[in-house]
Amino acid sequence: MSKKSELFFRVRENGAAVFRVDTENRQRRLELKQIAVVNIRNGQVKPQGDQSPTAAERNDIDAWVVDRRKQLAARKVDDIIRAVDHLNDTAQWVQSDATDEQVDLFADDLLMAMHDLRTVLVRKKSNILMKK
């Protein structure tokens, strides 16, 4: 009788620690046994200690990596859309409410960051148009 793989992924900066969820023990407590560490960038799965993922668990891990990459990509796009909103809010605030001292605190850094972003975007858009 095969048991369905149940895994818990403790997300960390570059991936996750993967735990096997064990509920079938004498105390009927929920136990987490670390079985692997996953690197989201390269998809590498490193078994941990004396625990190794089963083939079914490895399939679950691989599926999690695919889903996590999609989630992070969508989150990145959402962050950029929010940044555009934040820039608009900032422009409105500077125009209507900011004091000279407040503007002086951030203007140079913000202008340099915006110039850098503009340069990168113009180059990227140019490359896209050249491909077409």
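The values are calculated or read from the model by the stated rules, or taken from the named source; none is laboratory data. The structure presented is a predicted model; accordingly, all values stated were derived computationally and were not measured. Neighbour counts run over all protein chains shown; Cβ positions are idealised from the backbone, glycine included.
Key figures for this structure:
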quantity	calculated
Region 54-92, residues that are part of a helix (DSSP H, G or I) and of a type in the set (S, T, N, Q)	N59, Q71, N88, T90, Q92
Selection within region 12-24 - part of a strand (DSSP E or B) and either in contact with a helix residue (DSSP H, G or I) (Cβ under 7 Å, 6 or more places away or on another chain) or farther than 12 Å from V65 by Cβ (or both)	R12, A17, V18, F19, R20, V21, D22
Test set (1) of a type outside the set (D, E, K, R); (2) assigned by TED's automatic domain parsing to the domain that holds N14; (3) in a helix (DSSP H, G or I) - P47 fails condition number	(3)
